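First comes the structure, then the notes that go with it.
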């Protein structure tokens with residue numbers, strides 16, 4: 001697997017991608033994406049419980065590195081809605097320094113995952129699990145913005161989902177109607193803003209219009225400055241978030257693994273979506289390394305966890321971005337905006353940011369995909385609902401753990417249902433009657449044939465053992481294994497148990513048509529030597545001839 005950044009290989013192998021005309025398109029796309037990322041980064045930072053500049057710093061530092069080092073042509077990185085709930089919870093429990101340390105650790109884990117080529121394994125996470133927790137995060141994110149959208153001015157809002165909504169319902173009489181009106185205006189502008197005006201995205205236009213309206217109409221609406229005080233635009237030098245001890249690492253390990261897991265999944269999902277839009281292939285392991293480096297850098301600059309952002313990546317593609325130059329340009333434009341516009345950012349109404357996050361939550365929810373999954377088998381629906389419900393009612397870590405465990409258990413159940421072992425005596429003996437070189441009477445009375453269909457793994461081991469309880473009635477037991485592609489340790493243990501039982505009862509065991517992967521497993525365990533090479537036959541005809549020679553006492557055997 002190539003661990004070179006996509007930018008490097010494009011520069012070496014495709015210099016035509018870096019002509020002035022092509023780069024102009026990428027830089028223009030970067031500017032448009034920066035306009036989209038500016039309000040999102042601010043809103044996501046505030047929703048996460050930190051000041052606005054930390055969201056911008058994350059988008060600048062992490063966004064630049066994900067494009068510079070990543071394995072995708074068009075990936076745009078930065079803070080995303082998926083992290084809001086996690087980040088807020090970590091800050092509440094461990095403070096900002098704890099979040100930065102956890103983000104730093106997560107970055108290291110991500111780089112190790114990429115170096116050890118775990119990119120392909122993350123793709124095996126079941127679709128109902130990712131859909132369930134993504135939709136759950138969207139619902140939780142939506143619920144966190146009700147206070148600002150309605151202008152309730154509540155403090156000490158509980159983290160529990162149901163307790164939070166109970167508090168909202170008991171304070172609906174305190175709604176600030178001016179705040180609600182500004183929030184609804186923001187939503188209307190975002191929804192109905194003409195898509196052809198790509199140079200000015202709807203979310204940025206909504207912020208500008210509502211900020212001017214609140215400022216000059218002197219509306220009683222909370223702003224960033226009135227809520228957080230003055231916004232700091234000072235750039236900080238990279239520094240360690242605090243003293244990192246073994247005790248700190250142990251304490252923050254679950255949080256850091258959660259960040260790494262979610263960042264890896266979201267980054268690769270975004271890259272896969274981008275591949276489909278441009279008809280190219282990304283390098284999953286390099287993408288993990290880049291995301292890890294970006295999170296380490298974001299933590300050192302005092303920022304938030306970062307990953308590939310699907311909405312911003314799609315915006316980049318739609319505006320003509322085709323090389324990592326676009327993502328790097330987006331980060332540079334954000335830096336310029338931060339230095340030049342920070343004094344005005346404090347005037348943005350909090351309800352407008354809440355409205356923007358409502359739209360983020362709506363897009364994250366994937367309600368169409370959620371609804372479509374109800375047409376899937378009942379096991380997939382169960383995984384979806386369990387993961388979704390636990391994300392909302394408990395937390396993301398518990399949801400993913402239970403979702404994956406349930407998916408694994410139901411998968412094993414499904415595979416066990418597919419797995420079959422059936423007695424083939426009638427079918428085989430019908431064939432034997434047509435053969436002149438086999439004694440029909442001997443085979444019919446002394447040999448039993450079973451065929452195994454499906455992978456021989458631990459979920460199927462009990463089925464196998466239960467099906468062969470009656471082997472004592474024969475002198476030779478033939479297991480036809482042409483449809484067994486693989487065998488795990490538990491499957492081998494079941495086979496060994498049958499072999500030991502056969503030996504005890506004086507029954508000879510023959511394996512027919514064993515596939516190479518299974519044969520290698522048996523060789524590693526030394527089972528072939530115990531069974532005898534002449535008891536492993538190439539096909540059922542040779543197996544029957546071998547069985548006849550055993551029963552009759554004749555030792556001739558045709559290979």
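Residues that are at pLDDT 90 or above and either outside the structural domain of residue 49 (by TED's automatic domain parsing) or surrounded by fewer than 20 Cβ atoms within 10 Å (Cβ to Cβ) (or both) within region 246-271 comprise 246, 247, 248, 249, 250, 251, 253, 254, 257, 261, listed in sequence order. Annotation note: of 182, 214, 221, the sole residue that is buried (at least 18 other Cβ atoms within 10 Å of the Cβ), in the same structural domain as residue 305 (by TED's automatic domain parsing) and not in a helix (DSSP H, G or I) is 221. Across region 109-120, the qualifying residues are those that are surrounded by fewer than 17 Cβ atoms within 10 Å (Cβ to Cβ) and more than 15 Å from the chain's Cα centre (by Cα), and the one among them that is nearest to residue 299 (Cα to Cα) is 112. Of the residues making up region 465-489, those that are exposed (fewer than 15 other Cβ atoms within 10 Å of the Cβ) and over 17 Å from residue 450 (Cα atoms) number 2.
A quick yes/no check of all residues on (1) in a loop (DSSP other than H, G, I, E, B); (2) out of contact with any helix residue (DSSP H, G or I) (no Cβ under 7 Å at 6 or more places or on another chain); (3) over 27 Å from residue 284 (Cβ atoms):
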residue: 124; (1), (2), (3): yes, yes, no
residue: 134; (1), (2), (3): no, no, no
residue: 138; (1), (2), (3): no, no, no
residue: 165; (1), (2), (3): no, no, yes
residue: 168; (1), (2), (3): no, no, yes
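Restrict the check to region 55-64 and report whether at least one residue is more than 23 Å from residue 242 (Cα to Cα) and assigned by TED's automatic domain parsing to the domain that holds residue 160. Yes, that holds for at least one residue.
All of (1) surrounded by fewer than 13 Cβ atoms within 10 Å (Cβ to Cβ); (2) modelled with pLDDT under 95; (3) within 23 Å of residue 31 (Cβ to Cβ) hold for residue 158 with one exception: (3). Residues that are out of contact with any helix residue (DSSP H, G or I) (no Cβ under 6 Å at 6 or more places or on another chain) and not in a helix (DSSP H, G or I) were ranked within region 526-537; the one that is nearest to residue 489 (Cα to Cα) is 526. For residue 104, the criteria (1) within 25 Å of the chain's Cα centre (by Cα); (2) under 27 Å from residue 387 (Cβ atoms); (3) at pLDDT 95 or above; (4) buried (at least 16 other Cβ atoms within 10 Å of the Cβ) hold in every case but one, which is (2). Is it fair to say residue 82 is within 22 Å of the chain's Cα centre (by Cα), closer than 30 Å to residue 251 by Cα, modelled with pLDDT of 95 or more and crowded, with 24+ Cβ neighbours inside 10 Å? No: the conditions fail for residue 82.
Identify the residue in region 402-446 that is in a loop (DSSP other than H, G, I, E, B) and surrounded by 14 or more Cβ atoms within 10 Å (Cβ to Cβ) and, among all such residues, is modelled with the highest pLDDT. So, considering only residues that are in a loop (DSSP other than H, G, I, E, B) and surrounded by 14 or more Cβ atoms within 10 Å (Cβ to Cβ), the one modelled with the highest pLDDT is 424.
Of all residues in region 494-510, those satisfying the criterion of being surrounded by 14 or more Cβ atoms within 10 Å (Cβ to Cβ) and in a helix (DSSP H, G or I) are 494, 495, 496, 497, 498, 499, 501, 502. Every listed requirement among (1) assigned to a helix (DSSP H, G or I); (2) surrounded by fewer than 24 Cβ atoms within 10 Å (Cβ to Cβ); (3) assigned by TED's automatic domain parsing to the domain that holds residue 240 is met by residue 50 save one, (1). Criterion first (assigned by TED's automatic domain parsing to the domain that holds residue 242, within 27 Å of residue 208 (Cβ to Cβ), under 19 Å from the mean Cα position of the chain (by Cα) and part of a helix (DSSP H, G or I)) does residue 33 satisfy it? Answer is no for this residue.
For region 193-220, how many residues meet the condition of being free of Cβ contacts under 8 Å to residues at least 24 places away in the same chain and within 32 Å of the chain's Cα centre (by Cα)? So the count comes out to 2.
For region 236-250, state whether one or more residues are free of Cβ contacts under 8 Å to residues at least 12 places away in the same chain, part of a loop (DSSP other than H, G, I, E, B) and within 32 Å of the chain's Cα centre (by Cα). Yes, the conditions are met somewhere in region 236-250.
The values are calculated or read from the model by the stated rules, or taken from the named source; none is laboratory data. Computed from a predicted structure; not experimentally measured. Because the Cβ atoms are built from the backbone with ideal geometry, glycine has one as well, and the counts that use them run over all protein chains shown.
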